[in-house]
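K.L.:
Pasting in a structure now, in structure tokens, and then I'll have a few things to ask.
The values are calculated or read from the model by the stated rules, or taken from the named source; none is laboratory data. Remember, predicted model here, so these are calculated numbers, not experimental data. Glycine gets a Cβ as well: all are built from the backbone with ideal geometry, and neighbour counts include every protein chain shown.
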Ligand code: 13P
Ligand code: SF4
């Protein structure tokens, strides 16, 4: 397999119908056989999910990439940080040795599929914050915890500084791990996941200052606030989940008797506090699957997942929590034309849109990711 010097031109794929694209995707998958693994995040549109070999939340997808045995290429229908994580985990030194030196090539069908939350924390900002914090508190007592929704460079930072990665499904266990070792946590980039999880552990808002990377001094905090902190939260958020509001919850409860509110912990505290259940995308799916017919839900997470649940569970009454369209525009970049184009390039022996994390970043990130995978 070579890296494409002249990939198949993309423009003609835009002209094809979904039926035609699906047929060609199936043919490419058949040709590539077990050397190919297509992974799909739950927020992907249905047409794409239909072609995924395996689907999952961020934690499950990292496990699947880490455990991949036969495959030589992973086409990741998700966003950039997920493909980076897959590259790091699928290409651990022992895995490469098992394959006689061969790497798993990870492809992101559209390079524009990023994550606005991950973009809210750049490595130079995190390093600058760490240095400033070191002037006020002992950073030997501080564990950096990065949400998996972050660039690999932030995971590497955590690896180097005794820190760890978390996902929405294991954030509490990861914070417990951190507090068993040191007295404070620096949590980035999602303030809401950090706050919602810490509140459940009995940490109070006055012990959780928010670090604004755009403020010159101590992220906009006083020395006292930082000294008295237990969890320092980065001022980042998900633009999709930020849209859900407490008044949406009140309005559903007023209108529909017996409705249950099910949300993702990336939602703000005001929503999370009054929801009936909060959890990762997999927990949301499992909760709906296990509920008896006739259960009524208003769900606060990405629109494509909620619409899929509505289709799959006509026996239940499912509503989208917000009156507005809250969809992940970057996930949505992965569509059938990009999927078909990247697969047909693989068949032609060329790799387009390869995600390959730099060796030193990968080595340090792996340390933080392996710590996460070891937390039960
Ligand atoms: P999970 O699938 O891990 O719950 O994460 C949601 C998300 O925002 C992915 O970017
Ligand atoms: Fe990032 Fe939010 Fe999209 Fe998840 S839903 S990929 S956190 S922008």
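Listed here are the residues, each with its yes/no results for (1) buried (at least 16 other Cβ atoms within 10 Å of the Cβ); (2) touching a helix residue (DSSP H, G or I) at 6+ places or on another chain (Cβ under 7 Å).
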| residue | (1), (2) |
| --- | --- |
| 281 | yes, yes |
| 287 | yes, no |
| 297 | yes, yes |
| 305 | yes, yes |
| 316 | yes, yes |
| 333 | yes, no |
| 343 | yes, yes |
| 349 | no, no |
| 364 | yes, yes |
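K.L.:
Across the stretch 288-302, what is the total count of residues that are within 17 Å of residue 248 (Cβ to Cβ), free of Cβ contacts under 8 Å to residues at least 60 places away in the same chain and under 23 Å from the mean Cα position of the chain (by Cα)? It would help to see each step written out before you state the result.
P.N.:
Taking the stretch 288-302 as the starting set, the residues that turn out to be within 17 Å of residue 248 (Cβ to Cβ) are 296-302.
Subsequent filtering for residues that are free of Cβ contacts under 8 Å to residues at least 60 places away in the same chain retains 296-300.
Okay, now just the ones that are also under 23 Å from the mean Cα position of the chain (by Cα), so 298-300.
Looking only at that region, the number is 3.
K.L.:
Which one is nearest to residue 218 (Cα to Cα) among residues in the stretch 144-155 that are part of a helix (DSSP H, G or I) and within 16 Å of ligand 2 (Cβ to nearest atom)? If you could, list the steps in order and put the result at the bottom.
P.N.:
Residues of the stretch 144-155 part of a helix (DSSP H, G or I): 152-155.
Those still in the list that are within 16 Å of ligand 2 (Cβ to nearest atom) too: 152, 154-155.
On the way: 152: 24, 154: 19, 155: 22 Å.
If we take residues in the stretch 144-155 being part of a helix (DSSP H, G or I) and within 16 Å of ligand 2 (Cβ to nearest atom), then 154 is nearest to residue 218 (Cα to Cα).
K.L.:
Another question about this same structure. Please tell me if residue 79 is in contact (Cβ under 8 Å) with a residue 40 or more places away in the chain and more than 16 Å from ligand 2 (Cβ to nearest atom). If you could, list the steps in order and put the result at the bottom.
P.N.:
Values: in contact (Cβ under 8 Å) with a residue 40 or more places away in the chain: yes; more than 16 Å from ligand 2 (Cβ to nearest atom): no.
Here the answer is no, as residue 79 does not meet what is asked.
K.L.:
Does residue 158 meet the test of being under 20 Å from residue 59 (Cα atoms) and either away from ligand 2 (no atom under 16 Å from the Cβ) or free of Cβ contacts under 8 Å to residues at least 24 places away in the same chain (or both)? Walk me through it before giving the result.
P.N.:
On the way: under 20 Å from residue 59 (Cα atoms): yes; either away from ligand 2 (no atom under 16 Å from the Cβ) or free of Cβ contacts under 8 Å to residues at least 24 places away in the same chain (or both): yes.
For residue 158, the condition - under 20 Å from residue 59 (Cα atoms) and either away from ligand 2 (no atom under 16 Å from the Cβ) or free of Cβ contacts under 8 Å to residues at least 24 places away in the same chain (or both) - is met.
K.L.:
So residue 261 passes all but one of these: (1) more than 16 Å from ligand 2 (Cβ to nearest atom); (2) farther than 18 Å from residue 317 by Cα; (3) in a strand (DSSP E or B). Which condition number does it fail?
P.N.:
With respect to (1) more than 16 Å from ligand 2 (Cβ to nearest atom); (2) farther than 18 Å from residue 317 by Cα; (3) in a strand (DSSP E or B), residue 261 is out only on (2).
K.L.:
Mind checking which residues of the stretch 174-193 are in contact with a helix residue (DSSP H, G or I) (Cβ under 9 Å, 6 or more places away or on another chain) and under 12 Å from residue 372 (Cα atoms)?
P.N.:
174, 175, 177
K.L.:
Among 7, 12, which is surrounded by fewer than 19 Cβ atoms within 10 Å (Cβ to Cβ) and either at pLDDT 95 or above or closer than 14 Å to residue 77 by Cβ (or both)? Spell out the reasoning first.
P.N.:
Numbers: 7 fails: either at pLDDT 95 or above or closer than 14 Å to residue 77 by Cβ (or both).
Selected residue: 12, the only one of 7, 12 that is surrounded by fewer than 19 Cβ atoms within 10 Å (Cβ to Cβ) and either at pLDDT 95 or above or closer than 14 Å to residue 77 by Cβ (or both).
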